[in-house]
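Data block below; observations after.
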Amino acid sequence: MVWRDLVLPGSETFIRNQVDAMTRWEPVLAGVRSIESPIRRDTDVVLFDESFLGRVERRLFSLSGWSPRLDRLLKRRGVTLIHAHFGMGAVSIARTARRLGIPLIVTVHGNDVTRTDLRSGTGDREGRAYARRLTAALRYATSVIAVSHFIARQVCTGYAVPAHKVTVLRIGVPTASSPEATEPQRDILFAGRLVAKKGVSDLLTAVELAGRRIPPPSVTIIGDGKLREQLEAEARARGVNATFVGARSPDEVEAAMRSSLLFVAPSRTAPDGDAEGFGMVFLEAARAGRPVIAYDHGGVGEAVVDGVTGVLVPEGDTVGLADAIARLLGDAELRSRMGDAGRRRVVDEFDIRACTAELEDEFDRVAGAG
C-alpha cells in the first residue's frame, strides 16, 4: 500500500508517476481524505468521506491510529508492505503498521522534516505532541528513504534516526517521450506553490533588477497559494510584467516549460525553517530542455548542476539572481548548451523506471527482512 494522507494533490505528480512505474509490486494508493485534482483516480482508495460518520471515524483514527475500515482493507488486499509518503503520512499509519506487524517504509521530502518546530520540539502543545509522534514513526520504520542527501542529514541529525536505516533514493521523472520543439512564448517561467519557501518575491525583485540592464523580461507564474494576492500587488508595484495563471495540469506545466526560455525558482528557507528537499520541478524543467536558475539552497544543488544544467546563486542574493537572468536571456548558445546538458542528465540519472526499480529493490529487502 502506498499511503498518502491526502489523495492526491495536483502538485504531487511524482507520487503518481512512481506508482505507475512499479512493475514487480502491485500498489494500491490509499489515504485518509480526497482532494479534487487532475491526477486523482477512481482506483485510489479514500478511507473516510465527508459525512458525519466519516468525520467521526477520521477523528477516531487520528487520535488512536485504529480504523476497522483500514484493517479490513489491508487484509482484503493482502498488503504485505506499507510505503508512506511524507512524515505526516508516517505519523498517521505507523500505529496500524506496528499493530498488524506490517513492515513500514517512509519517504520524506522536505517540509515534513525540515521545519524548526518539528526538529526542536518547540512548538505549541499540539505541535510538540506531533513532533514526538513523528520521531517515533521515523525510528519505528524499517527503512526511511530521503529524496536527497540534504534530507538524509536532516533525518539523522534532527530525529536521531540511525544512519543505517536511511537510504537516499531519487524519485525521477518519465523520460520515454522526447519534448516537442516549441517556439518560446515567454522569457521566464515559475511553477510552484505561492508560499514563502518558493521565493517568488525574490524572483520579482530579480526580474525588476534585470529589466534595468536588458529589455524588461516577462515572467509567467504557475501555481496558487496564500501569498498570491500579495505577490500580484508586489508585481504591479515593481512594474514587473508578470502573469499569474493559477494552478495548471501537469501537461499544461510541461507545455509552458517547453515554450519558455528559462525556468527560475529561487526556493529559500521559510520563516518556520521549511526548506526545499530536492525540487522535482527542476528535473521537469531540465527534461524540457530548459536551463534553471535557482538559489543554492537545501537539496536544490543535487537537482541542478551549477554551471552545467543551470546557475545557482547564494540564497537571498537577488542581485546575483538578476545577473544570472540577464546573462542567460542574452546568450542563446549558453541556454541551448545548459538545456541539452540538463535533458541528458535527466535521461541518464533520473529516469522514473530506473529510479522506481531501485525503490522496488528496497521493497524486496524490507519485505524479506520482515
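Just a yes or no: is a residue in region 97-105 small (G, A, S) and either part of a helix (DSSP H, G or I) or over 21 Å from D272 (Cβ atoms) (or both)?
Checked against the condition, which is being small (G, A, S) and either part of a helix (DSSP H, G or I) or over 21 Å from D272 (Cβ atoms) (or both), region 97-105 yields at least one hit.
So which residues in region 220-238 are assigned to a helix (DSSP H, G or I) and polar (S, T, N, Q), if there are any at all?
Residue satisfying the conditions is Q230 alone.
Filtering region 207-243 down to residues that are surrounded by fewer than 18 Cβ atoms within 10 Å (Cβ to Cβ) and among the β-branched types (V, I, T), which residue is farthest from S259 (Cα to Cα)?
I214
Do you know which residues across region 313-341 are farther than 25 Å from P215 by Cβ and touching a helix residue (DSSP H, G or I) at 6+ places or on another chain (Cβ under 7 Å)?
Answer for region 313-341, where residues must be farther than 25 Å from P215 by Cβ and touching a helix residue (DSSP H, G or I) at 6+ places or on another chain (Cβ under 7 Å): just P314.
Could you tell me whether V113 is of a type in the set (V, I, T) and modelled with pLDDT under 95?
yes
Look through D274, D364 and report the one residue that is surrounded by 20 or more Cβ atoms within 10 Å (Cβ to Cβ) and either at pLDDT below 95 or not assigned by TED's automatic domain parsing to the domain that holds L203 (or both).
Sole residue among the options that is surrounded by 20 or more Cβ atoms within 10 Å (Cβ to Cβ) and either at pLDDT below 95 or not assigned by TED's automatic domain parsing to the domain that holds L203 (or both): D274.
Scan region 103-126 and tell me whether some residue there is in the same structural domain as D364 (by TED's automatic domain parsing), closer than 13 Å to W3 by Cβ and touching a Leu at 6+ places or on another chain (Cβ under 6 Å).
yes
Please state which one of H109, H149 is within 20 Å of E302 (Cα to Cα) and in contact with a Phe, Trp or Tyr (Cβ under 7 Å, 6 or more places away or on another chain).
H109
Please go through region 42-76 and pick out each residue that is touching a residue at least 24 places away in the same chain (Cβ under 8 Å), surrounded by 12 or more Cβ atoms within 10 Å (Cβ to Cβ) and not hydrophobic (A, V, I, L, M, F, W, C).
D44, R58, S62, G65, S67, D71
Kindly indicate which of G199, G246 is outside the structural domain of T13 (by TED's automatic domain parsing) and in contact with a His (Cβ under 9 Å, 6 or more places away or on another chain).
Just one listed residue meets the conditions, G199.
Return the pair list, or none, for Cβ contacts closer than 9 Å from residues in region 286-313 that are closer than 14 Å to L328 by Cβ to residues that are assigned to a strand (DSSP E or B) and among the charged types (D, E, K, R), at least 6 apart or on different chains.
Between residues of region 286-313 that are closer than 14 Å to L328 by Cβ and residues that are assigned to a strand (DSSP E or B) and among the charged types (D, E, K, R), the close pairs are V304/D296; D306/D296; L312/D296; L312/D306; V313/D296; V313/D306.
Checking H149 against (1) over 22 Å from V32 (Cβ atoms); (2) at pLDDT below 95: exactly one of these is not met. Which one?
Only one criterion is unmet by H149, namely (2).
So A255 ticks every box in (1) buried (at least 20 other Cβ atoms within 10 Å of the Cβ); (2) among the hydrophobic types (A, V, I, L, M, F, W, C); (3) within 24 Å of Q18 (Cα to Cα); (4) over 17 Å from the mean Cα position of the chain (by Cα) but one. Which box is left unticked?
Failed condition: (1).
The values are calculated or read from the model by the stated rules, or taken from the named source; none is laboratory data. What you see is a predicted model, and the numbers here were worked out from it, not measured in a lab. Every residue, glycine as well, gets a Cβ built from its backbone with ideal geometry; the counts of neighbours run over all protein chains shown.
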